[in-house]
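J.: Dumping the structure here so I can ask a few things about it.
The values are calculated or read from the model by the stated rules, or taken from the named source; none is laboratory data. All values reported here derive from a predicted model rather than from experimental measurement. Cβ atoms come from the backbone with ideal geometry, glycine included; neighbour counts cover every protein chain shown. We work out accessible area using only protein heavy atoms, side chains counted, and drop any ligands, DNA or RNA first. Shrake-Rupley method; radii C 1.70, N 1.55, O 1.52, S 1.80 Å.
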Amino acid sequence: MRNRFSSLLLMGGITYFVLGTATLMAQDAKAPPKQDTGEKVEKPAPSSRPLPGPEKLLNGGNFWDHWKYFSEEEKEANRNVTWKVVGGGKDLPSILICSGKPYGYIRTQKSYENFRFSMEWMYPNDPNANSGILLFTAEPDKVWPKAFQVQLHRPEAGYVFPTPGSGAKSANKLSPTKPLDLPVGKWHKCVLTCQQGNISVMINGVKLGEVTGCDPSKGAIALQSEGSEIHFRNLLVEILSPEPAVEQKEPVAQQKPDKT
């Protein structure tokens, strides 16, 4: 009896082994062996968020939704007297007129880091008129704040420097080699490209140069009220990627200002 039972156990074990081996062989036959090609499989890069389109800072709804007014001379002054928006005429953009008094500025409600700011300006009658654009403007608001000024004073238009005594620093300054020909009573265009703490300045289609290593490298954009009447139009800001733009190999031709 014991020998018979042992024989049955032995036969059952052999049967289990044979069936198990057959199952594994069948599975291996279905799945082809993996081949090592030696190539690394790269995962697709996550899609980057698209950059917003140009933002209108003058014709994009209520003007004061975009800007904040500041002056230390007359803190209770009517901002709509110093800065007022008027129609530019049929099929023409609106115009922002700054009386120049009291001294102060308007700055954007938003803060910008990598961006391109473009605008047109005109002095209606004063050949020695003065104003400027402030980039990377930091709080607190004061005259004058921590920022980098792009000079619009006619004899020195395009000169860029940190606001004196504000603590702003840069690796260099920009001083045009000769005064630009900017007639009174005509519109002129300024394009400022700011990326990774560098400021590139172009006026009327001519690149004047670049200021590098700006600290701070992020802040508001401001327009100065500095004693002279000045007109602005076509105020646009466009967000850029952090990577600097590729330099143009060919020189940019001089563009004649509009006769309007």
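J.: Out of residues 5 or more away from residue 208 or on other chains, whose amide H comes under 5 Å of its own, with H placed 1.01 Å from N in the peptide plane?
T.: 201, 202, 203
J.: I'd like to know how the range 89-175 sits against the 2.2 N^0.38 Å rule of thumb: what's its Cα Rg over that expected value?
T.: Dividing the Cα radius of gyration by 2.2 N^0.38 Å gives 1.19.
J.: Considering only protein heavy atoms, what is the solvent-accessible area of residue 144 at a probe of 1.4 Å, reported in Å² to the nearest 10?
T.: Using a 1.4 Å probe on the heavy atoms, I get roughly 60 Å².
J.: I'd like the per residue volume of the convex hull spanned by the Cα atoms of the range 115-254, given in cubic angstrom.
T.: Measuring per residue, one finds 111 Å³ for the Cα hull of the range 115-254.
J.: Please compute the net charge surrounding residue 55, taking Lys and Arg as +1 and Asp and Glu as -1 over other residues with Cβ under 13 Å from its Cβ.
T.: +1
J.: Starting from the Cα-Cα distance between residue 128 and residue 92, subtract it from 0.36 nm times their residue separation and give me the gain in nm to one decimal.
T.: Details: separation 36, 0.36 × 36 = 12.96 nm, distance 2.70 nm.
Separation in residues times 0.36 nm, less the Cα-Cα distance, equals 10.3 nm.
J.: Name the long-range amide H neighbours of residue 132: under 5 Å, sequence gap of 5 or more, or other chain; modelled H, no Pro or chain starts.
T.: Here 152, 224 satisfy the definition.
J.: Further question: The range 75-148: which GluC sites (Glu not before Pro) are DSSP loop and have at most 10 other beta-carbon atoms within 10 angstrom?
T.: Counting only loop positions with at most 10 other Cβ atoms within 10 Å, the GluC sites (Glu not before Pro) in the range 75-148 are 76.
J.: Taking all protein chains in place and a 1.4 Å probe, what share, in percent, of the accessible surface of the range 72-135 do carbon and sulfur account for?
T.: It is 44 percent, rounded to a whole number.
J.: Run the dipole for the range 148-192 about the Cα centre, Lys and Arg Cβ at +1, Asp and Glu Cβ at -1, nothing else charged, and hand back the magnitude in debye, nearest 20.
T.: 40
J.: What nm distance separates the two modelled labels at residue 84 and residue 142, each placed 7 Å from Cα along Cα→Cβ?
T.: Between residue 84 and residue 142, the label points sit 3.3 nm apart.
J.: So with the 1.4 Å probe, I'd like the accessible area per residue for the range 66-189, rounded to whole Å².
T.: 49
J.: Taking 0.36 nm per residue of sequence separation and subtracting the Cα-Cα distance, how much length would be gained by fully extending the chain between residue 178 and residue 111, in nm to one decimal?
T.: 20.9 nm
J.: What distance in nm separates the simple spin-label points at residue 68 and residue 212, each placed 7 Å from Cα in the Cβ direction?
T.: Going by the 7 Å Cα→Cβ label model, 3.3 nm.
J.: Still on this structure: The range 47-106 to the range 116-174: how many Å between their Cα centroids?
T.: Comparing the Cα centres of the range 47-106 and the range 116-174, I get a distance of 17 Å.
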